[in-house]
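To start, the structure under review is shown below, and the notes come after it.
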Amino acid sequence: MKNEINISESEWTVMEYLWSNPLVTITEIRKALSSTGWSDSTIKTLVRRLVSKNAVGINDEAATFRYYPLISQQECRLKETKSFINRVYDGSVSMLVTNLAADSNLTDKETEELLALIEKMGKEQEK
């Protein structure tokens, strides 16, 4: 990702809604997130923060502002994954995979997929 955007867990909830429903009003966002128990001002604050972080844009061509994501869900997932690996595993993907494999009940299919992914990564690094 070009610019570092750190999205909190609460902001992630707003982003998930926006990724599924781009160009929505603040009223639509509040209704959709009513189950969170957050106040209207909390939701407005979260949206305002996301706008200031350049994660969310505003279409102000109509009388009612409409909000939309400026970054993709895939970009955010990749950034969050890298951040997690750096923070928890000192940047070591192999430590992450080792811990997941050792402490998981992987199915045969999941094991095959993991091995195929590791093999693919090895071939890409050889290039």
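For first residues located in the stretch 83-110 and of a type in the set (Ser, Thr, Tyr), partners that are open to solvent by 70 Å² or more (accessible area, probe 1.4 Å) and lie 6+ apart or on another chain with Cβ distances below 7 Å form the pairs TYR89/MET95. Annotation: ILE29 fulfils all but one of (1) farther than 17 Å from ASN6 by Cβ; (2) open to solvent by 60 Å² or more (accessible area, probe 1.4 Å); (3) within 18 Å of the chain's Cα centre (by Cα); the unmet one is (2). Out of the stretch 98-118, which residues are over 16 Å from VAL88 (Cβ atoms), open to solvent by 90 Å² or more (accessible area, probe 1.4 Å) and of a type in the set (Asp, Glu)? Listed by number, the residues that qualify are ASP108, GLU112, GLU113.
Restricting attention to the stretch 57-75, the residues being open to solvent by less than 50 Å² (accessible area, probe 1.4 Å) and assigned to a strand (DSSP E or B) number 4.
The set of residues in the stretch 100-125 that are part of a helix (DSSP H, G or I) and not aliphatic (A, V, I, L, M) comprises ASP108, LYS109, GLU110, THR111, GLU112, GLU113, GLU119, LYS120, GLY122, LYS123, GLU124, GLN125. When the stretch 1-56 is filtered for residues that are part of a helix (DSSP H, G or I), within 21 Å of SER72 (Cβ to Cβ), in contact with a helix residue (DSSP H, G or I) (Cβ under 8 Å, 6 or more places away or on another chain) and among the β-branched types (Val, Ile, Thr), the ones remaining, listed by number, are THR13, VAL14, ILE29, VAL47.
Only a single item in (1) open to solvent by 100 Å² or more (accessible area, probe 1.4 Å); (2) in a helix (DSSP H, G or I); (3) modelled with pLDDT of 85 or more; (4) not charged (D, E, K, R) is not met by LEU78, and it is number (1). Just one of the listed residues (VAL88, VAL47, VAL93) is at pLDDT below 90 and among the β-branched types (Val, Ile, Thr), namely VAL93. Regarding the stretch 86-99, can at least one residue be identified that is under 30 Å from LEU23 (Cβ atoms) and part of a helix (DSSP H, G or I)? No; the residues of the stretch 86-99 include none that is under 30 Å from LEU23 (Cβ atoms) and part of a helix (DSSP H, G or I).
The values are calculated or read from the model by the stated rules, or taken from the named source; none is laboratory data. Note that this is a predicted model, so its numbers are computed, not measured. Ideal geometry is used to build each Cβ from the backbone, glycine not excepted, and the neighbour counts take in all protein chains shown. Heavy atoms of the whole protein, side chains included, go into the accessibility calculation; ligands, DNA and RNA do not. Shrake-Rupley method; radii C 1.70, N 1.55, O 1.52, S 1.80 Å.
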